[in-house]
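Any read-out appearing in this document is the output of simple, stated calculations on the displayed coordinates, not a laboratory observation. Fair warning: this is a prediction, and the values are worked out from it, not measured in the lab. Here Cβ is always computed from backbone atoms with ideal geometry, including for glycine, and neighbour counts include all displayed protein chains.
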Amino acid sequence: MSDLKPQTSARFVLELVSEADDGTTAQYRAVIATPTDELESTATLSDDGEVTLPPLGAPRNLEGALHMFAKLVARGASKRRLDGLAVWPHRVMRWRPG
């Protein structure tokens, strides 16, 4: 993912690893990329909006931003299902300006 390393601030990436057979939960590779570091963990997202994300060792504001980003993806799962879209997107990325 080094080609996505930002020159300033941070980039947040969720990449789908697997999803439950019933589509209610998904496992994502969760990454915070900064100009000097790339921290990675596994996040579990549920279609009821719940997120489990172990600490990555990043500053609290960056971990909080990643958690909120994951929560928004999780909250949107039910709507994507109703709209006939893939419940869990394969890759979602956000950039946080500095």
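The orientation-averaged projected area of the convex hull spanned by the Cα atoms of the chain comes to 6.0 nm².
Can you compute the charge dipole magnitude of the range 2-89 about its Cα centre, using +1 on each Lys and Arg Cβ and -1 on each Asp and Glu Cβ, nothing else charged? Give it in debye, rounded to the nearest 20.
So the dipole magnitude of the range 2-89 works out to roughly 320 debye.
Of the residues Asp48, Asp22, Asp37, the one that moves most in a GNM of the chain with alpha-carbon contacts below 10 Å is Asp22. Taking label positions 7 Å along the Cα-Cβ direction at both Ser18 and Lys71, the computed distance is 2.7 nm, reported to one decimal. Note on the chain: dipole from Cβ charges, positive end direction compared against Ala30, Thr42, Ala10; the farthest Cα belongs to Ala10.
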